[in-house]
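First up is the structure itself, then whatever we jot down about it.
The values are calculated or read from the model by the stated rules, or taken from the named source; none is laboratory data. Keep in mind the model is a prediction, meaning the values are calculated, not measured. Note that each Cβ is placed from the backbone with ideal geometry, even for glycine, and that neighbours are counted across all protein chains shown. Just the protein is used for accessible areas: all its heavy atoms, side chains included, with ligands, DNA and RNA removed. Shrake-Rupley method; radii C 1.70, N 1.55, O 1.52, S 1.80 Å.
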Amino acid sequence: MRAVVQRVNGASVVVDGRTVGEIVGEGLCVLVGVTHDDGPAEAERLARKLWSLRILADEKSCSDVGAPLLVISQFTLYGDARKGRRPTWNAAAPGAVAEPLVDEVVGRLRGLGARVETGVFGADMKVSLTNDGPFTVVVEV
């Protein structure tokens, strides 16, 4: 699994003109990509990493300060544009594999005590955020 994690001061996701997920104030916006050989163990590791990642103000984590997370599925994180001008998506897991694993990450985070907002899997989503820093890291498990 691969995640692009952004420290934000507010973020939201809109589908069909309706806000489906939103966090206000300090938190993390997390784009999650799933590849073919990922499973529940990777989802658990990613959730624990996100919950304890010390990238908020004063090197705090979401678990330290109760900061929320906005988790959005993003198959394009496994796009490969090394050849030609059109990316391939061969490394991205199909929806039937990816959706339950993204849901597993969200469920594991909630089980750890996190407040988690989400996008809508497979939807045309409009994501807005204020990147705080800017601060962006890539996490792979």
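Nonpolar atom fraction for the chain, defined as the carbon and sulfur part of the 1.4 Å probe accessible area, stands at 47 percent.
Can you give the extra length, in nm with one decimal, that the chain gains between VAL20 and ARG85 once fully stretched, where that is 0.36 nm per residue apart less the Cα-Cα distance?
Details: separation 65, 0.36 × 65 = 23.40 nm, distance 3.30 nm.
20.1 nm is the gain from fully extending VAL20 to ARG85.
In terms of overall dimensions, the C-alpha atoms belonging to the chain reach 42, 34, 27 Å along their principal axes, ordered largest to smallest. For the chain, adding -39500 (n - 2.57) for each run of n ≥ 4 DSSP H residues and dividing by the number of residues yields -7500 deg cm²/dmol at 222 nm.
Amide H to amide H distances under 5 Å link ASP132 with ARG7, VAL8, ASN9, where only residues 5 or more positions off or on other chains count and H is placed in the peptide plane. For the stretch 54-64, putting each phi into the Karplus relation 6.51 cos²θ - 1.76 cosθ + 1.60 with θ = phi - 60° gives couplings of 8, 10, 7, 3, 6, 6, 9, 10, 4, 5, 5 Hz, in residue order, rounded to whole numbers and with x for Gly and Pro. Using the Karplus relation 6.51 cos²θ - 1.76 cosθ + 1.60 with θ = phi - 60°, the per-residue 3J(HN,Hα) values for the stretch 131-140 come to 6, 8, x, x, 9, 9, 10, 9, 10, 10 Hz, with x marking Gly and Pro. Per-residue SASA remark: GLU140, around 110 Å² accessible (1.4 Å probe; ligands, DNA and RNA not included).
The residues LYS83, LYS126, sorted by heavy-atom accessible surface at 1.4 Å with ligands and nucleic acids left out, run LYS83, LYS126 from largest to smallest.
The phi torsions of the stretch 23-32, fed into the Karplus equation with coefficients 6.51, -1.76 and 1.60 and a -60° offset, translate into couplings of 10, 10, x, 5, x, 10, 9, 10, 9, 10 Hz, rounded to whole numbers, with Gly and Pro shown as x. Model label points for ARG45 and GLU99, set 7 angstrom from Cα along the Cα-to-Cβ axis, are 2.6 nm apart. Straight-line cross-link reach from LYS60 at under 23 Å between alpha-carbon atoms covers these lysines, not counting any fewer than eight positions away in the same chain: LYS49.
Taking only the Cα atoms of the stretch 2-55, how large is their convex hull per residue, in Å³? Display every interim value, and only then the final one.
On the way: hull volume 5.1 nm³, N = 54.
Convex hull of Cα atoms, per residue: 95 Å³.
Determine the dipole magnitude for the chain: charges of +1 sit on the beta-carbon of Lys and Arg, -1 on that of Asp and Glu, nothing else is charged, the reference point is the Cα centre, and the result goes in debye to the nearest 20.
Values: 16 positive and 18 negative charges, 70 e Å.
The dipole of the chain has a size of about 340 debye.
Distance between the modelled labels on VAL127 and ASN9, one decimal in nanometres: 2.1 nm (7 Å Cα→Cβ projection).
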